[in-house]
1. When you go through 341, 319, 294 one by one, which is the residue that is at pLDDT 95 or above, over 28 Å from residue 214 (Cα atoms) and touching a helix residue (DSSP H, G or I) at 6+ places or on another chain (Cβ under 9 Å)?
2. Go through (1) within 21 Å of the chain's Cα centre (by Cα); (2) outside any strand (DSSP E or B) one by one and return the number of the condition residue 321 breaks.
3. Residues to consider are 368, 428; find the one that is more than 26 Å from the chain's Cα centre (by Cα) and either buried (at least 22 other Cβ atoms within 10 Å of the Cβ) or not assigned by TED's automatic domain parsing to the domain that holds residue 487 (or both).
4. Taking the condition in contact with a helix residue (DSSP H, G or I) (Cβ under 7 Å, 6 or more places away or on another chain) and at pLDDT 90 or above, does residue 93 pass?
5. Of all residues in the stretch 191-213 being surrounded by 18 or more Cβ atoms within 10 Å (Cβ to Cβ) and in contact with a helix residue (DSSP H, G or I) (Cβ under 8 Å, 6 or more places away or on another chain), which is farthest from residue 287 (Cα to Cα)?
6. So, residue 694, is that one under 15 Å from residue 614 (Cα atoms) and assigned by TED's automatic domain parsing to the domain that holds residue 583 or not?
7. Out of all the residues in the stretch 324-345, which are more than 19 Å from residue 292 (Cβ to Cβ) and assigned to a loop (DSSP other than H, G, I, E, B)?
């Protein structure tokens, strides 16, 4: 589920009407695919902009940033588009195919085999020819080799000498080399990794890889309906460690491609710990590996010698609550060290370390969150990055020297900002927006002095019959410690003298912000069109308040989220236009958990809920995610009990509609079944919809069906339709 699980985020977007933003990086509002936008730079003084000519045709212009004079240039084609057009007739480039670092070659996956193509070739070159599919293909940095896994062993293919070399030989149904376990894929290395667990050295001469042994991990089974003959079904069995279960045993190896031999990094294989997110020194002579203990409150970075496996600790961080892997470490090309983001000061700040483990410089010391590194210009000794600024719902661009001096906030004004920096850093262009304005595109010099407004996005005329109105508000928690940001969106033709139903649209997981100050778009949501107020609020553990707020969730998931959300309901109840007998909530995954908990533990506040793919009891979810916040069930039985929807079934008195895919390999349908059983035993009335053969979220006809069921649920219960 992760702090910001991308897959969960997509599901949340599909099943709710709230428009969100990835807090790790400023995003632009949804204005349609043909909006005016900065697309790049011709040189340090000429930017490229997608714009419209006098005939309203879409064109690309190269514009002098100082004079504003521009010329139309050939329509921009991405390197991927150029490569795709060069392919032989009848061959297309799919999203699963892999493009080389120079974007001039590709590995095409066809008929479960690998084929190679370079621009200028007339046909594909076949690389493999066997019945076993190759997966997780990755080019070496120089594009001369590829690595992949096959039957969960690691292979390398030399594209120059047309030679495949097998690097590991002991994979089985429980042992994997360069191929990660389900729980590592979902919670540590991310779903987009597609189970890949290997990392090329910069010089292409070595591959670091994770060896995983799941022999002792309990297996969870799912029953497929459509295989092998559509009648008898098929059991899908996956090692899945629930909270408190035995974990995969892992160790990191380094394969030297000149010898095809592996050197194992000397970590203790018998210690229950997590090993991941390695990064190489720029000269490929050392490998840094991150190690987190099973309790997930201590992280070490060790620096290993690839020839001996000997290692030394170069970084250590611990907290009383939890720590997380550093996923976006920047390695200095000059060999001096690396830059990471850390919550060490209760807010994510930037730190510059040498390979000897000594802190070269703390680059920032904010009481707000650095969200991402955008660009490091080593020869100028500066780093560009994004942070919220003093208002946690904003996003701004900053620049600071690698000595921590000359810090500049290079964007200003409330809202969400996204900058494009010229190649040498002499200029930057800010595309911004806020909840009250679609914003504009503005050019600045490197000192932050405005040059000109390049383009101003059209501000639609507010028409209460056609437009919904969002408003940002702050709600103080009842303990007076946190002023929660929220967005309330009023329906079309809003009349404050009338009473309206409200639906909370949430996700609600730890360190996940629902509320950002950005343009919400021109088109009213289904809710707004149907006379329903939508409401989104961020609790103390959302990340809006740094670790000061997050740490409240430690060993108590579900407690503070619901208490804070209840304070939001209290705030709504005193509004004369809110009907307190129609307070709904909806979300999926963690949002489904929040919805089910609101209708049980929070039954005095919410009257209706529509929940998708819900966690209902933390005993039932995977150990990496759950134990990060809750510790094990053996160590924290009361926390697990208080965070379970099953504990509060007797409180249930509203109307809850649940949905789940029967093949959900992430939040198992077991979660919904447990809650259904308790509700039935207690004589409660509820609704449930099963989606056969669907995983953690679904598309196509079933997504349409789910959306229609949700809409009809609100119309039926709020308006008797």
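1. On the way: 341 fails: touching a helix residue (DSSP H, G or I) at 6+ places or on another chain (Cβ under 9 Å); 294 fails: over 28 Å from residue 214 (Cα atoms).
Going through 341, 319, 294 in turn, the sole match is 319.
2. Single failed check for residue 321: (1).
3. Details: 368 fails: more than 26 Å from the chain's Cα centre (by Cα).
Exactly one residue qualifies, and that residue is 428.
4. Details: in contact with a helix residue (DSSP H, G or I) (Cβ under 7 Å, 6 or more places away or on another chain): yes; at pLDDT 90 or above: yes.
Criteria met by residue 93.
5. 195
6. Numbers: under 15 Å from residue 614 (Cα atoms): yes; assigned by TED's automatic domain parsing to the domain that holds residue 583: yes.
Criteria met by residue 694.
7. Within the stretch 324-345, the first condition is being more than 19 Å from residue 292 (Cβ to Cβ), and the residues that meet it are 330-337, 339, 345.
Listed by number, the residues that qualify are 332, 333, 334, 335, 336, 345.
Quick grid of which residues meet (1) in contact with a strand residue (DSSP E or B) (Cβ under 6 Å, 6 or more places away or on another chain); (2) at pLDDT below 95; (3) in the same structural domain as residue 710 (by TED's automatic domain parsing); (4) farther than 20 Å from residue 687 by Cβ:
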{"site": "570", "(1), (2), (3), (4)": "no, no, yes, yes"}
{"site": "573", "(1), (2), (3), (4)": "yes, no, yes, yes"}
{"site": "583", "(1), (2), (3), (4)": "yes, no, yes, no"}
{"site": "622", "(1), (2), (3), (4)": "no, no, yes, yes"}
{"site": "647", "(1), (2), (3), (4)": "no, no, yes, yes"}
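The values are calculated or read from the model by the stated rules, or taken from the named source; none is laboratory data. Nothing here was measured: the structure is a model prediction, and the numbers come from that model. Glycine also receives a Cβ, built like all others from the backbone with ideal geometry; neighbour counts cover every protein chain displayed.
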